[in-house]
Number of protein chains: 2
Amino acid sequence: MSQKTGPLRDSHGTAKYRHEIIAVVLRVDPSDGLSVLVTRRTRAPFRGRWGLPSGALETEELLDDSLRRHLADRTGLRHLNHLEQLETRGAPDRDPADRTIATAYLGLVAGLPELDPGAVWLPVADVTGEAMAFDHAELVSVAAERLRAKLSYTNIGFALVDEEFTISQLRDTYATVLGYRVNATNLRRILERRRQLEPTGTTAPSGTGGGRPAALFRFSTRALQVTDPSAVLRP
Amino acid sequence: MSQKTGPLRDSHGTAKYRHEIIAVVLRVDPSDGLSVLVTRRTRAPFRGRWGLPSGALETEELLDDSLRRHLADRTGLRHLNHLEQLETRGAPDRDPADRTIATAYLGLVAGLPELDPGAVWLPVADVTGEAMAFDHAELVSVAAERLRAKLSYTNIGFALVDEEFTISQLRDTYATVLGYRVNATNLRRILERRRQLEPTGTTAPSGTGGGRPAALFRFSTRALQVTDPSAVLRP
């Protein structure tokens, strides 16, 4: 490990910091459950551990442009269904090499997008402080918690499914993120009452079971909205 | 205006940035409505405009410790009922003097805490881009929006009222933040159903009207909780 870099100060005496952008990209896998995009670290510190895609902010770059650049460079992923800022962390000891302020983003994708070799989806259930570099395990936990909370008061589910889906596909996605069984009829009723969900008028190709073909649905809006904000309090 | 400082790089070539912490502290005033804590700027840039309490991160300081230090130094305010990170902004042109990454926090207080001379509560309705320094008007707007949304899906109201209050005091607080009329009976029913509210068993001193003394209530928990997360989706 290289020696820790001391604080850098400009001619006015103002302290300056390395600023890093970190991507916590989540998807729901039918067998592995909620999964996060990671790469194996090939350099110290934390060589050999899993790390979230990250990199330094460049001087003329916007924060979210930097996020998209590092994500594409390190994993090949170029499209996200949803992106939001998660939190900024600045504990003096979070990076052993240099004091680094890090802004983490939550990204969501559906399906199985093509990735560069080396980028893998790690089940969130396997994310531990020992498996991950830096404070990345904590960030994954914060991201999963944010997603769980937002499933109940926003339409964020749109970012985890294809544009068209059956109710049982949607139910499975919700249940995977929330960690408990979700009733498909209730889910449909709640999302329709909030005007989040609408039928496409078409059906999915029959499964191998040969049952009745399932109706396809879509989200009314594919951009984040707080559902019915304060509706309960309106007169 | 001093000349813009160029990017500072360490011996590894890593760019380094000034990191600033900004406080958006809100309270509800019975006459002025939702108000934000500001001071008049006495130095360039934006001399003479209103500015949010802010300051540079010191090298061994945690982000929220820095927030509390600058808030106390600039306004005298030392206690917040609630504090949460709002967002981090890093547009290269947001500070004309130097590229500055800023992490903004939302703070909430109740009543009328004692302040240093020079610190004032500005009605959020009077906050405009012309009245405020930097991107502070946008930050106030983001903070008010966050507060409005959280009133509907969390117990955040606890941070805007005294420990004990009447239902009409609580109703007025909600109505001020939300910007529309709120029915006191509905509000009580909803908060009791969510187990956010409980009676203290005592009553408020009678007002000058001499009517029946009003029952006093308190929030069950005075720490932020997402109310009934995903309860609607449980089987």
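The values are calculated or read from the model by the stated rules, or taken from the named source; none is laboratory data. This structure is a prediction, so every number in the text was calculated from the model and none was measured. No Cβ is skipped: glycine too gets one built from the backbone with ideal geometry, and neighbour counts run over all protein chains shown. Only protein heavy atoms, including side chains, enter the accessible area calculation; ligands, DNA and RNA are left aside. Shrake-Rupley method; radii C 1.70, N 1.55, O 1.52, S 1.80 Å.
Give the residue, chosen from B:Ala72, B:Ala133, B:Ala104, that is free of Cβ contacts under 8 Å to residues at least 60 places away in the same chain and of a type in the set (A, V, I, L, M). First the steps, then the outcome.
Numbers: B:Ala133 fails: free of Cβ contacts under 8 Å to residues at least 60 places away in the same chain; B:Ala104 fails: free of Cβ contacts under 8 Å to residues at least 60 places away in the same chain.
Of B:Ala72, B:Ala133, B:Ala104, the one residue that is free of Cβ contacts under 8 Å to residues at least 60 places away in the same chain and of a type in the set (A, V, I, L, M) is B:Ala72.
With hydrophobic (A, V, I, L, M, F, W, C) and more than 13 Å from chain A (Cβ to nearest Cβ) as the only criterion, which of B:Ala184, B:Ala175, B:Ala215 stands out?
Working: B:Ala184 fails: more than 13 Å from chain A (Cβ to nearest Cβ); B:Ala175 fails: more than 13 Å from chain A (Cβ to nearest Cβ).
Within the list B:Ala184, B:Ala175, B:Ala215, the selection yields B:Ala215.
Within the range A:195-219, track down each residue that is surrounded by 11 or more Cβ atoms within 10 Å (Cβ to Cβ) and either in a strand (DSSP E or B) or not assigned by TED's automatic domain parsing to the domain that holds A:Leu170 (or both).
Once the filter is applied, which keeps residues that are surrounded by 11 or more Cβ atoms within 10 Å (Cβ to Cβ) and either in a strand (DSSP E or B) or not assigned by TED's automatic domain parsing to the domain that holds A:Leu170 (or both), the range A:195-219 yields A:Leu197, A:Glu198, A:Pro199, A:Thr200, A:Thr203, A:Ala215, A:Leu216, A:Phe217, A:Arg218, A:Phe219.
Taking the range A:33-65, which residues are within 14 Å of chain B (Cβ to nearest Cβ) and among the polar types (S, T, N, Q)?
Residues satisfying the conditions are A:Ser54, A:Thr59.
Return yes when A:Leu122 is among the hydrophobic types (A, V, I, L, M, F, W, C) and touching an Asp or Glu at 6+ places or on another chain (Cβ under 8 Å) and no when it is not. Full working, then the answer.
Values: among the hydrophobic types (A, V, I, L, M, F, W, C): yes; touching an Asp or Glu at 6+ places or on another chain (Cβ under 8 Å): no.
It is false that A:Leu122 is among the hydrophobic types (A, V, I, L, M, F, W, C) and touching an Asp or Glu at 6+ places or on another chain (Cβ under 8 Å).
Okay, residues lined up against (1) modelled with pLDDT under 95; (2) of a type in the set (A, V, I, L, M); (3) surrounded by 14 or more Cβ atoms within 10 Å (Cβ to Cβ):
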position	(1), (2), (3)
A:Glu61	yes, no, yes
A:Thr75	no, no, yes
A:Asp93	yes, no, no
A:Gly107	no, no, yes
A:Gly111	yes, no, no
A:Trp121	no, no, yes
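Restricting attention to the range B:88-98, does a residue exist that is in the same structural domain as B:Ala119 (by TED's automatic domain parsing), outside any loop (DSSP other than H, G, I, E, B) and of a type in the set (A, V, I, L, M, F, W, C)? First the steps, then the outcome.
Let us first name the residues in the range B:88-98 that are in the same structural domain as B:Ala119 (by TED's automatic domain parsing), namely B:88-98.
This time we only want the ones that are outside any loop (DSSP other than H, G, I, E, B), so: B:88-89.
Then keep just the ones that are of a type in the set (A, V, I, L, M, F, W, C); that gives none.
There is no residue in the range B:88-98 that is in the same structural domain as B:Ala119 (by TED's automatic domain parsing), outside any loop (DSSP other than H, G, I, E, B) and of a type in the set (A, V, I, L, M, F, W, C).
What number of residues within the range B:80-101 are without any contact (Cβ under 8 Å) to a residue 12 or more places away in the chain and either in contact with a Cys (Cβ under 6 Å, 6 or more places away or on another chain) or not acidic (Asp, Glu) (or both)?
Residues meeting the conditions: 1.
Filter the range A:138-176 down to residues that are in contact (Cβ under 8 Å) with a residue 40 or more places away in the chain, open to solvent by 10 Å² or more (accessible area, probe 1.4 Å) and among the hydroxyl-bearing types (Ser, Thr, Tyr), then give me how many there are.
Adding up the residues that qualify gives 5.
If you scan the range A:138-187, which residues turn out to be under 21 Å from A:Leu80 (Cα atoms), touching a strand residue (DSSP E or B) at 6+ places or on another chain (Cβ under 9 Å), aliphatic (A, V, I, L, M) and part of a helix (DSSP H, G or I)?
Within the range A:138-187, A:Leu139, A:Val140, A:Val142, A:Ala143, A:Ala144, A:Leu147, A:Ala149, A:Ile156, A:Ala159, A:Leu160, A:Leu170, A:Val177 meet the criteria.
Restricting to the range A:177-194, name every residue that is under 21 Å from A:Asp162 (Cβ atoms) and either modelled with pLDDT of 90 or more or surrounded by fewer than 11 Cβ atoms within 10 Å (Cβ to Cβ) (or both). Break it down stepwise before answering.
Of all residues in the range A:177-194, those under 21 Å from A:Asp162 (Cβ atoms) come to A:177-178, A:182, A:184, A:187-188, A:190-192, A:194.
Correct list: A:Val177, A:Leu178, A:Val182, A:Ala184, A:Leu187, A:Arg188, A:Leu191, A:Glu192.
Out of all the residues in the range A:117-137, which are under 24 Å from B:Thr14 (Cβ atoms) and either assigned by TED's automatic domain parsing to the domain that holds A:Leu170 or assigned to a loop (DSSP other than H, G, I, E, B) (or both)?
Residues satisfying the conditions are A:Gly118, A:Ala133, A:Phe134, A:Asp135.
Filter the range A:28-48 for residues that are within 17 Å of the chain's Cα centre (by Cα) and open to solvent by 10 Å² or more (accessible area, probe 1.4 Å) and give the result.
So in the range A:28-48, the residues within 17 Å of the chain's Cα centre (by Cα) come out as A:28-30, A:32-39.
Passing the criteria: A:Val28, A:Asp29, A:Pro30, A:Asp32, A:Gly33, A:Leu34, A:Thr39.
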